[in-house]
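Some notes on the structure that comes next.
The values are calculated or read from the model by the stated rules, or taken from the named source; none is laboratory data. It should be emphasised that the depicted structure is a prediction, and the values quoted were computed from it without experimental measurement. Here the Cβ positions follow ideal geometry from the backbone for every residue, glycine too, while neighbour counts run over all protein chains shown. Protein only, heavy atoms only, side chains kept; ligands, DNA and RNA dropped before computing areas. Shrake-Rupley method; radii C 1.70, N 1.55, O 1.52, S 1.80 Å.
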Amino acid sequence: MIVDDSKISCAMLAGSLKKTNFEVCATAKNAAEAVQFYAERKPAVVTMDMNLPDADGIECSRRIRAIDPDAKIVMISAMKDASLVAKGREAGISAFLQKPINTNDLIDTLMILCQSKVGKVAVLRESYAKPFARALQQGLFSLIGVHSEVEVELDERHFLDVSGIAVIIGLTGYPVGRAIVSMEAETMRKFSMIMMDKENIEDVTEEEASESVEESANIIVGRGVSNINDVFKDKEMRITPPGTICGNNIRIASPKLTTFCIVAKTRIGDISMNVGFAEGD
């Protein structure tokens, strides 16, 4: 349900949701309508504008939460200062987004709030794996100027086989897990040659190649974590120092993790990120 007295804002939100599994069940232009529509239709989540004709968004949220203490409300406002967020938290608002809204951030937020309805794997894919996929694609372009096509698939194996290099980075906070950036040895050398602005692969030592990939992986995974933290303020993730393994036929176990294989297809070869999240609540 959308609560906003601006027809333009409502149309923009509805347009952003057309490409998702979310549907707008009601649109309220003031607090009175919002409370009435919520009681009648019990939406899974409410997007709430701060400025309404008859009450502000915080007061409207209080009235909705009085009807349903479990109501999921996302505050969408031009302002997002600490005082507003604190007052919103007191009123039971679940998340905060600032105008203009990034569609991916909106979808990520709605998915995590509705996770009990859409399922655990879907939530992890949309809210956590896909931000890492965007970070991989953007990071490869900013670091070495390489365009890529990125695919995200659920990986139901409990291990990862690598030949070449694998950079392992732990994820702490919520959810706990780990990310592994890997590529074949030839791709590693090409990657490092471009990153270090060398003319030939032979100009790059094995140590330089390994260190280049390790530093890049740390940057890319860090960006993925930042993408997530920008949306979910109360569940901050952090990364641990990277560990690097080089060799052939390396098998890395991933027991009790829900994992996703993210593959960036580039002109220098496939660059993979395997992201796993601990099972359990």
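Just one of the listed residues (LEU124, LEU106) is modelled with pLDDT under 90, under 21 Å from ALA28 (Cα atoms) and of a type in the set (A, V, I, L, M), and it is LEU106.
When the criteria are applied in full, ILE245 meets the requirement of being farther than 24 Å from LYS120 by Cα, open to solvent by 50 Å² or more (accessible area, probe 1.4 Å), touching a residue at least 12 places away in the same chain (Cβ under 8 Å) and of a type in the set (A, V, I, L, M, F, W, C).
Among the residues of the range 154-171, those that are within 21 Å of ILE228 (Cβ to Cβ) and modelled with pLDDT of 95 or more comprise VAL167, ILE168, ILE169, GLY170, LEU171. Counted as qualifying within the range 76-181 are the strands (runs of 3 or more DSSP E) with 3 or more residues that are assigned by the TED database to the domain that holds PHE260, namely 149-155, 159-173.
Those residues that are charged (D, E, K, R) and open to solvent by less than 60 Å² (accessible area, probe 1.4 Å), I need them from the range 151-199; list them, please. Matches in the range 151-199: ASP155, ARG178.
Within the range 248-264, the set of residues being part of a strand (DSSP E or B) and exposed (fewer than 13 other Cβ atoms within 10 Å of the Cβ) comprises ASN248, ASN249, ARG251, ALA253. Exactly one residue out of ILE2, ILE93, ILE8 is surrounded by 15 or more Cβ atoms within 10 Å (Cβ to Cβ) and either farther than 23 Å from ILE112 by Cα or out of contact with any Cys (no Cβ under 9 Å at 6 or more places or on another chain) (or both), and it is ILE93.
Can we say VAL24 is open to solvent by 10 Å² or more (accessible area, probe 1.4 Å), free of Cβ contacts under 8 Å to residues at least 40 places away in the same chain and under 20 Å from THR109 (Cβ atoms)? Taking the combined requirement at face value, the residue satisfies it.
The number of residues in the range 200-223 being within 15 Å of SER182 (Cβ to Cβ) and open to solvent by less than 40 Å² (accessible area, probe 1.4 Å) comes to 8.
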